[in-house]
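Just below is one structure, and these are the notes that go with it.
The values are calculated or read from the model by the stated rules, or taken from the named source; none is laboratory data. Because the structure is predicted, anything quoted here is derived from the model rather than measured. All Cβ positions, glycine included, derive from the backbone under ideal geometry; neighbour counts span all protein chains shown. To get the accessible areas, we keep the full protein, side chains included, count just its heavy atoms, and leave off ligands, DNA and RNA. Shrake-Rupley method; radii C 1.70, N 1.55, O 1.52, S 1.80 Å.
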Amino acid sequence: MGREVAIGIVVYNAGENLLGRLKMAVAAGHSVYIFDNSPSNDSVKQLAKNQEGIEYFTCGNNVGLGYGISTVCAQAEADNFQALMFFDQDTGFSKETLDFVEQFYSDKKHLVSEYSAFLFNAKNVGEGATNHGGLRDVLLAINSGSLYFLKNLKKLGWHDHSYFVDGVDYKFCLDSSKNNMKIGECSYTPGFDHVTEQEDSIYSFLGKDYQFRPYSFKRIVDTSVSSVRLITYSLLNGEWKFLKVFVRLFSIYLVTQVYVRVANFWRRNKNV
């Protein structure tokens, strides 16, 4: 019996862990849609050729996340799927995760017309459905762990292609709000792991440990441009809640990028 929820992933130089998860998702009965931004690395391409149940797309080079997510979502919608669960390539998930998402979606289909997406994560895993049947409305959602409702996405015009990596998710949230669509969060998803495969390091600040990552100058520029665009868009469209949050997030991002560089410089010189 086929699954109601399709799986979508945009890959860039995917590793072996992802290949294992893709095989698992197909074995569990899900249709998997992959957009490959690094087709010269043919690991995913070969898997798709040899594995029934995987639809593979590429433009031959890296065209960014906005275009990639739009492609997998639009193709799944054309294939008559109503919902697609999107994961980053470095987000861990299990069959238990996929079963949970499918059941959650089935139980809450009556809400789909009001929402553009449900965001799944494990922030409160173990606590169970503590409020509103386990779903609470949120202002922002990241791409990974988002269950997109494809007919509503189509009404929004899919994701904004003009955002390359950073800002794709937050612009989607802005577009949802502008079109009177909500985003819900389920924070007790089993088997969901958005931490282990991240490249973050531990830094101590004011007696507490935090996970930060020093990004490349190119990535900082991309994030900064995207943040300014989001702030400007919010201002021009009177999205005051978003404006406040985006200014705060951008400020924190800049401070942490300065901090990790100072901390790394201090660590290197300490060990000399």
Scanning region 218-248 for residues that are assigned to a helix (DSSP H, G or I), crowded, with 16+ Cβ neighbours inside 10 Å and either touching a strand residue (DSSP E or B) at 6+ places or on another chain (Cβ under 9 Å) or not small (Gly, Ala, Ser) (or both) gives Asp222, Thr223, Arg229, Leu230, Ile231, Tyr233, Phe242, Leu243, Val245, Phe246
Answer yes or no as to whether Tyr210 is among the aromatic types (Phe, Trp, Tyr), buried (at least 17 other Cβ atoms within 10 Å of the Cβ) and at pLDDT below 95. no
Going residue by residue through region 24-44, is there one that turns out to be in a helix (DSSP H, G or I), modelled with pLDDT of 95 or more and open to solvent by less than 40 Å² (accessible area, probe 1.4 Å)?
yes
Residue pairs qualifying under the 9 Å Cβ cut-off, at least six apart or on distinct chains, with the first in region 160-171 being over 21 Å from Phe217 (Cα atoms) and in a loop (DSSP other than H, G, I, E, B) and the second being open to solvent by 50 Å² or more (accessible area, probe 1.4 Å) and among the hydroxyl-bearing types (Ser, Thr, Tyr), are His161/Tyr67
Checked region 161-189 for anything open to solvent by 10 Å² or more (accessible area, probe 1.4 Å), more than 14 Å from the chain's Cα centre (by Cα) and not basic (Lys, Arg); matches are His161, Ser162, Asp175, Ser177, Asn179, Asn180, Met181, Ser187, Tyr188
In region 45-62, anything touching a Ser or Thr at 6+ places or on another chain (Cβ under 9 Å) and open to solvent by less than 50 Å² (accessible area, probe 1.4 Å) is listed as Gly53, Ile54, Phe57
Within region 103-119, the residues that are touching a helix residue (DSSP H, G or I) at 6+ places or on another chain (Cβ under 9 Å) and in a strand (DSSP E or B) are Tyr115, Ser116, Ala117, Phe118
Of those in region 6-23 that are within 16 Å of the chain's Cα centre (by Cα) and not in a helix (DSSP H, G or I), the residue nearest to Lys108 (Cα to Cα) is Ala6
In region 136-157, anything under 25 Å from Thr223 (Cα atoms) and open to solvent by 50 Å² or more (accessible area, probe 1.4 Å) is listed as Leu139, Ile142
Here the qualifying pairs (Cβ atoms under 6 Å; residues six or more apart or on different chains; first in region 178-191 and farther than 15 Å from Asp137 by Cα; second at pLDDT 95 or above and loosely packed, with under 15 Cβ neighbours inside 10 Å) come out as Pro190/Glu96; Gly191/Glu96
A careful count of residues in region 79-102 that are assigned to a strand (DSSP E or B) and of a type in the set (A, V, I, L, M, F, W, C) gives 5
Taking first residues from region 224-241 that are farther than 13 Å from Val168 by Cα and second residues anywhere that are open to solvent by 80 Å² or more (accessible area, probe 1.4 Å) and basic (Lys, Arg), the pairs with Cβ under 7 Å that are 6 or more apart or on different chains are Asn237/Lys178
